[in-house]
């Protein structure tokens, strides 16, 4: 395993690169308020067949954040490209969790020649889901959420996104480290991402994974996305909430491995 800190335009980025050295590398992108430990249960089972790259998004985990002068999703995609250039990785299979799914889509849009396939776990398609009128409600909604005490906010973040207690505790602790202020700024950016029209990424094989106990609108968005994408597969992960890869790693890894074998064998 190669561990390091890469000085990017957007901060000092912590990463871990493991496994063999194939043409393609699996790049895992975690969600808001989390870090590279999110994918601990996925990396080891894949090492015999793939290279894996886990990293902390700017301002998360062991990474710092600077130059936050554009949407977090966009700057994170640019940051990832800088990291891949530094590591001399030319082609990737992206695995994005929630926020990571949006970052993966921006990476597809800006660097289409580098993406072989994408796994959204879960994800919502980057397009305008509601009218521009909805922008008026975003600042007010974020203001109301901002009134929640930090301790309560972090505890609720874990409780409502995972089934397993140990996963809930991890989420609460990682969110506490990231901080409510940054999390709300990123959530605001994500909300605008789903209101504004966006260009469509180049078509590549997609896998949509979502937890059986996740919110209805997230599950429904994954199903609709799959229905409209001929090159996609969709799998519901039993006994799992939003962080399905940690709630039920066995089922998640089985679905991921099958997709890689069928579609992205390197």
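What follows is calculated from the coordinates using simple rules that are stated; it is not laboratory data. Quick caveat: nothing in here was measured; it's all calculated off a predicted structure.
Annotations
- The spacing between region 129-149 and region 168-219, judged by their C-alpha centroids, is 15 Å.
- Mean Cα-pair separation over length for the chain, i.e. relative contact order, pairs under 8 Å, 6 or more apart, %: 20 percent
- GNM flexibility winner over the chain from 156, 132, 173 (Cα, springs under 10 Å): 132
- Note that region 1-71, at 4 °C in a medium of 1.567 mPa s, gets a Stokes-Einstein diffusion coefficient of 102 µm²/s from its Kirkwood radius over C-alpha pairs.
- Base-10 log of normalised Debye intensity for region 185-266 (one unit scatterer per alpha-carbon) at q = 0.10, 0.25 Å⁻¹: -0.29, -1.22
- Theoretical ellipticity at 222 nm over the chain - DSSP helices of four or more residues, -39500 (n - 2.57) apiece, nearest 500: -13000 deg cm²/dmol
- Hydrodynamic estimate: the Kirkwood radius of the chain over Cα pairs, inserted into Stokes-Einstein at 10 °C and 1.306 mPa s, corresponds to D of 86 µm²/s.
- Kirkwood Rh and Cα Rg combined as Rg over Rh, evaluated for region 49-115: 0.94
- The fraction of Cα-Cα pairs per 10 angstrom bin, counted from 0 for region 88-153, comes to 18, 31, 30, 17, 4 percent, rounded to whole percents.
- Convex hull volume per residue, computed on the Cα atoms of region 1-121, equals 89 Å³.
- Of 149, 58, 249, the one that fluctuates the most in a GNM where the chain has Cα springs shorter than 10 Å: 149
- Spherically averaged projected area in nm², based on the convex hull that wraps the Cα atoms of region 190-236: 3.8 nm²
- Per the Debye formula on identical point scatterers at the alpha carbon atoms of region 139-249, with no solvent, log10 I(q)/I(0) at q = 0.12, 0.16 Å⁻¹ is -0.53, -0.91.
- For region 85-200, the equivalent ellipsoid derived from the alpha-carbon gyration tensor has semi-axes of 27, 21, 12 Å in decreasing order.
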